[in-house]
Amino acid sequence: MKKILIVVLLLSQTLLFAQVKVTFKTGAVPALKTNRTSIFLAGDFDNWDPSDARWQMQPGNSAGQYQLAVSMLPGKYSFKVTKGSWESVESGAGGADVSNRDISIAHDTTIIVNIVGWKDNYPATPKKHTASANVHIITEKFDMPQLGRQRRIWIYLPADYTTSRRKYPVIYMHDGQNLFDELTSGYGEWGVDELLDKMPVKDQCIIVGVDHGGEYRITEYDPYDSKYGKGRGNDYVDFLAKTLKPYIDKNYRTQKDARHTTVAGSSMGGLISAHAIFKYPDVFGNAGVFSPSFWIAPDIFNYAQQSKLTNSNRLYFVCGDSEDDAMPADMQKMAADLQAKGISKNNSPTTIIKGAKHNEKQWNGDFPAFYSWLIKGY
């Protein structure tokens with residue numbers, strides 16, 4: 001009987017993790033109007049890479065149609081179709097932005113993809129500067145000696161910064177292009193400056209935004225090697241802790257202690273924020289971990305257990321339930337592991353937003369609750 005039960009369990013696990021065959025087919029594809037003749041699927045299954053050769057669709061049997069057959073684990077996925085870049089992503093009529101395509105895979109299936117238009121077939125909608133008067137650029141080329149690169153650094157200063165002698169808490173955030181200004185954002189902005197501007201001046205803090213490195217983004221925000229390249233996440237958090245923070249503390253009126261120093265970001269930025277507090281819990285006392293991409297770096301769970309976090313460290317976890325199936329479970333596992341390590345639930349709350357997707361709109365909506373929780377601990 002025991003052997004039968006073991007066989008049944010093994011078969012159940014095999015079925016549970018068995019991949020299914022998914023065939024993506026387009027309807028008639030709108031005129032490409034460029035030299036690009038290749039189209040790709042970009043989604044949470046490939047970290048939203050718009051030109052991943054593994055997800056390139058091939059011409060189908062009918063003229064003007066494309067298809068791609070792949071094996072995938074059952075689950076929920078979001079994706080878009082591109083011609084190899086986000087500038088040439090699919091669009092609606094007249095070039096209007098379209099929402100991510102959401103699919104749920106349970107068995108072998110065919111997904112029909114009807115494309116209305118391509119973004120680069122239409123005149124670009126002019127973007128405008130939306131950064132508030134409290135946002136400034138420290139420099140376009142801040143040296144990152146640990147990485148041998150330079151990067152633009154943004155700073156948000158509280159409304160009373162020039163008229164008071166107060167010292168302020170600081171939040172260090174990643175993907176600086178997407179925090180404050182529509183003109184520089186790739187997929188829409190968080191609107192962090194507008195959110196802070198609406199708060200009482202006494203509750204405002206300094207926010208430092210570090211631009212991501214474009215093609216280096218994934219590897220800079222990953223402390224481990226992956227299929228995307230050699231992980232430089234350790235070098236990046238060393239830069240934050242040993243170069244950028246000392247500069248900010250020297251040149252601005254900050255509360256320098258860990259209790260008043262936070263690191264925050266989303267997606268890969270959520271992953272590297274968690275790693276930063278695990279590596280430097282005496283520098284970054286708090287972390288805002290939004291929609292973390294723990295899937296790409298499973299070793300981070302062991303690293304968290306080896307860290308010297310104490311219950312004085314605080315981590316805020318949040319994601320949507322419509323991002324991917326693994327993210328909420330991974331996030332909850334990380335929070336549970338930290339709680340088993342001695343971090344209280346109040347210092348490691350976990351929020352899953354019903355219907356929320358993986359985008360700046362979600363993180364804009366999540367930020368006020370995170371910030372309220374954060375300042376209550378000061």
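The values are calculated or read from the model by the stated rules, or taken from the named source; none is laboratory data. Please read all numbers here as calculations on a predicted model, not as lab measurements. All Cβ positions, glycine included, derive from the backbone under ideal geometry; neighbour counts span all protein chains shown. Accessible surface is based on the protein model in full, side chains and every heavy atom, while ligands, DNA and RNA are left aside. Shrake-Rupley method; radii C 1.70, N 1.55, O 1.52, S 1.80 Å.
Results, tabulated for the structure shown:
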item	result
Per residue value of the accessible surface for the range 94-214 (all protein chains in place, 1.4 Å probe), Å²	49 Å²
Mean projection area, nm², convex hull over Cα of the range 19-160	12.8 nm²
In Hz, Karplus ³J(HN,Hα) per residue of the range 282-288 (6.51, -1.76, 1.60; θ = phi - 60°; x = Gly, Pro)	8, 10, 9, x, 9, 9, x
Amide H within-cut-off set for residue 84, under 5 Å, with H built and near neighbours excluded	40
Most mobile of 353, 207, 155 in a GNM of the chain (Cα contacts under 10 Å)	353
Accessible heavy-atom area order of 168, 303, highest first, probe of 1.4 Å	303, 168
Long-range HN-HN contacts of residue 353 with modeled amide H, under 5 Å	319, 320, 321
Pair-distance profile P(r), taking every C-alpha pair of the chain, with 20 angstrom steps and integer %	26, 54, 18, 1
Cα long-axis angle, helix 326-340 against the chain (0 to 90 degrees, to the nearest 10)	40 degrees
Reach of residue 202 by Cα under 18 Å, taken over aspartates and glutamates that are not fewer than 8 positions away in the same chain	160, 193, 194
Karplus-derived 3J(HN,Hα), 6.51/-1.76/1.60, for each residue of the range 173-188, Hz, glycine and proline x	10, 9, 6, x, 4, 9, 8, 10, 10, 4, 4, 9, 6, x, 10, x
Cut-off under 5 Å, modelled amide H: who pairs with residue 254 long-range	168
Residue 152 - accessible surface, heavy atoms, 1.4 Å probe, Å² rounded to 10	40 Å²
Residue 128 accessible area, assembled protein chains, probe 1.4 Å, Å²	120 Å²
Solvent exposure ordering (accessible area, 1.4 Å, most first) of 212, 107, 260	107, 212, 260
Value at 222 nm in deg cm²/dmol, rounded to 500, when DSSP H runs of n ≥ 4 in the chain each add -39,500 (n - 2.57)	-7000 deg cm²/dmol
Rounded if a/c under 1.5, otherwise prolate or oblate - the range 226-373, Cα gyration tensor axes	rounded
Scattering curve values for the range 201-284, log₁₀ I(q)/I(0), Debye with Cα scatterers, q = 0.19 Å⁻¹	-0.85
Dimensionless Rg over Rh [the range 108-227; C-alpha; Kirkwood]	1.09
Protein accessible area in the range 182-290, 1.4 Å probe - carbon and sulfur %	50 percent
Under 11 Å, Cβ to Cβ, from residue 321 - net charge with Lys/Arg +1 and Asp/Glu -1	0
